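Working notes for the structure below.
What follows draws every value from the coordinates through simple rules; no lab data is involved. Bear in mind the structure is a predicted one, so any value in this text is a computation, not a measurement. All Cβ positions, even for glycine, are placed from backbone atoms using ideal geometry, and neighbour counts span all protein chains on display.
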Ligand SMILES: Cc1cc2nc3c(=O)[nH]c(=O)nc-3n(C[C@H](O)[C@H](O)[C@H](O)COP(=O)(O)OP(=O)(O)OC[C@H]3O[C@@H](n4cnc5c(N)ncnc54)[C@H](O)[C@@H]3O)c2cc1C
Ligand code: FES
Ligand SMILES: [Zn+2]
């Protein structure tokens, strides 16, 4: 996955020079041409919506409560907002080219943040995207889980409910606040279980100089209204009986916690070990919950691993990196499933270690953009 | 590089709170082009190019990655910490791609001096010769980079 990402970025950079010049010409042309009137978008040959012409397809669909995945807020730089547009979209734009495979171009796949609705369009929206909605919630609790991770509990508006699979994420809206002139969105894994009707929990680690985490850690207050959309992602608990190896570091705890609490609540008694990496004892959190889950899920072990315990930690548990610890527990992992969450560098080393133990690519689950 | 519409769009995206919290310009009142030209001139005086600086930053980051989130010793005498956060950031210049959120901190153990840079900063230097405006907390002064990372003119 990292290779693909590296390849993607390299191709992006190569084409970016030409793309930039052409995109500017397009921007100028658009600004001068102006109003397109009402346009019809036909979705999946079934539904028809009328939207204001001239806006991007991404915005037009959003205004109709159809949310297409995006990690860049429509800046044409994440490549996530791909949709098949059967007709009306015109030529592929230079800004889209770096993200589209030749086969996708042949298949009329486009970046919907780059395509403007200038004519009637026919688009194909995958069914699962219709489940994505905008939600309004109230922040009902905000606690320090560690020195730099805050736990948020969001209560949805009355009678509202989000349907998601344990492990999925939402896009949190950072509203216009003292430090941002426009709303921005950031992805956060849902830390609570799907059966917590009307609530979701998030666990957000402070990133110095970060837009969203500065807002959450320094500006957000209990009682504030918060907006988000979702759920997103292919990282969720698969419906099998396979033994599970879960691995996470830092705020990567969140989706694994969702998966484990879901298993406990639903009585899913699969054999599972959860290796959680932190630097020192103070960085560990949710340990009491994990002890509780060890009682509720018959064959579950939580294995916290510190990479650099301090003397005052008096740590008698495991020390090192998760990937190096694995062989102490498994001679082979063949036939098992693995659920991973953490920063990209950690993920790469976990994946390598799991493959060494015999796991196949399709048995290792993680969020590719994370 | 001309003061093109591309530069104007980039300038707008560089304001605080659009792509990053504090933006990329700091308190610098110069135009984007003036900032770039001044830094490029300084680097050229040292017999180097922005691309060479970026290559050195990338090499040290890649070596430091072996530490997997802990400080790693990198020859000749650097302690390097590479930390990554899930997610991507856009380059403010239109048409570029998404850059992973990775931060590298380099401590030159001989001089005791430290410098930090993100992957986005490496990209901005490599592709746009942009070291950011004065007063930006993420500005990388080219002379400081050359000094701390001990970047030497390529004899070839
Ligand atoms: C699927 C998914 C799930 C996620 N789940 C979680 C979760 O459960 N919990 C969690 O804590 N996080 C999670 N994340 C990460 C989250 O989305 C954000 O990326 C993270 O919180 C940082 O957001 P931010 O807005 O604070 O930082 P940003 O503002 O996006 O980025 C800050 C970084 O940008 C760089 N930067 C800032 N200014 C400059 C500049 N001028 N020049 C160069 N570089 C600069 C620096 O590297 C800085 O560290 C998830 C991400 C994904 C993709
Ligand atoms: S939303 Fe990121 S490329 Fe379209
Ligand atoms: Zn760029």
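What's the angle, to the nearest 10 degrees (0 to 90), between helix A:253-266's Cα axis and the longest principal axis of chain A? Helix A:253-266 sits at roughly 70 degrees to that axis. The order of the peptides B:92-99, A:322-329, A:254-261 by mean Cβ neighbours within 10 Å, most packed first, is A:254-261, B:92-99, A:322-329. Given q = 0.09, 0.10, 0.11, 0.13 Å⁻¹, what are the Debye log10 I(q)/I(0) values for the protein assembly as shown, with equal point scatterers placed on the Cα positions and solvent ignored? Normalising to I(0) and taking log10 leaves -0.71, -0.88, -1.07, -1.45.
To the nearest whole number, what is the average tally of beta carbon atoms from other chains within 10 Å of the beta carbons of peptide A:168-179?
Working: counts 0, 1, 0, 0, 0, 0, 1, 0, 1, 1, 1, 4.
Per-residue shielding by partner chains comes out at 1.
With Cα atoms as the point set, the radius of gyration and Dmax of segment B:5-149 evaluate to 14.9, 45 Å. Between helix A:287-296 and chain A there is an angle of about 80 degrees, using the helix long axis and the longest principal axis of the Cα atoms. Counting Cβ atoms of other protein chains within 10 Å of each Cβ in A:250-259 and taking the mean gives 1.
Please compute the alpha carbon radius of gyration of segment A:252-370, then divide it by the globular-protein estimate 2.2 N^0.38 Å. Two decimals is fine.
Ratio of Rg to 2.2 N^0.38 Å for segment A:252-370: 1.05.
Against chain B, whose longest principal axis comes from its Cα atoms, helix B:50-64 is set at around 40 degrees.
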